[in-house]
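Written below as structure tokens is the structure these notes are about.
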Amino acid sequence: MKTTVRLVLSALLLVAGTLGVRAQNAIVVYQKDGTVAKFSFTEKPVVTYSGSDLVMTTSKTSVQYPIYLLQKIGFDVDDIIDGVEEVTVPQTQFSFRDGTLTISGGEPGSVVSLYTIKGTMAGQYRLDGNGCATIPLQNLGKGLYIVKNKQFSFKFHKP
């Protein structure tokens, strides 16, 4: 009888101990201006440094962040939204710096659209002859935004 009670109590403690453990789904980059970016573990994120920038590289993209603009880096344990479509061009790079989004490595001349999470167009830009664009974000209101092009799409949060 004592062995059965011990076995049941041990099993209950084991189950209770695992209830508090939550799977980590992504690496989250928090910037001082409140911008938050999530990089899903399914995309195999790698954090490196280049000069004074943190570089987040995944199987689909690469993003550079100036270290002085970062607040913290952590893990997301909640379900994440991956965006409208998957990023399909690994050489396309995005960086957030000084209130602007910089895109490089895209298809030259292609259109980049910026939408609110409700689907309203907030701006439209064209990549230059080198496949680059600088998109000002200072005048955008708070909220989630989607950046979309025929090669890529992703979301970001503006506080």
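The values are calculated or read from the model by the stated rules, or taken from the named source; none is laboratory data. As the structure is a computational prediction, the values presented were derived from the model and not from experiment. Glycine gets a Cβ as well: all are built from the backbone with ideal geometry, and neighbour counts include every protein chain shown.
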- Message: Being under 20 Å from Gln151 (Cβ atoms) and modelled with pLDDT of 55 or more is the requirement here; does Lys60 meet it?
- Response: yes
- Extreme residue, modelled with the lowest pLDDT, among residues of the stretch 107-159 that are among the basic types (Lys, Arg) and closer than 20 Å to Val29 by Cα: Lys158
- Subset of the stretch 122-159, residues in a strand (DSSP E or B) and over 15 Å from the mean Cα position of the chain (by Cα), comes to Ala122, Gly123, Gln124, Tyr125, Arg126, Ala133, Thr134, Ile135, Pro136
- State all residues of the stretch 1-57 that are in a loop (DSSP other than H, G, I, E, B), touching a strand residue (DSSP E or B) at 6+ places or on another chain (Cβ under 8 Å) and at pLDDT 65 or above; if no residue qualifies, say none. Asn25, Lys32, Gly34, Thr35, Pro45, Ser52
- Scanning the stretch 23-74 residue by residue, the ones that are among the aromatic types (Phe, Trp, Tyr) and surrounded by fewer than 18 Cβ atoms within 10 Å (Cβ to Cβ) total 4
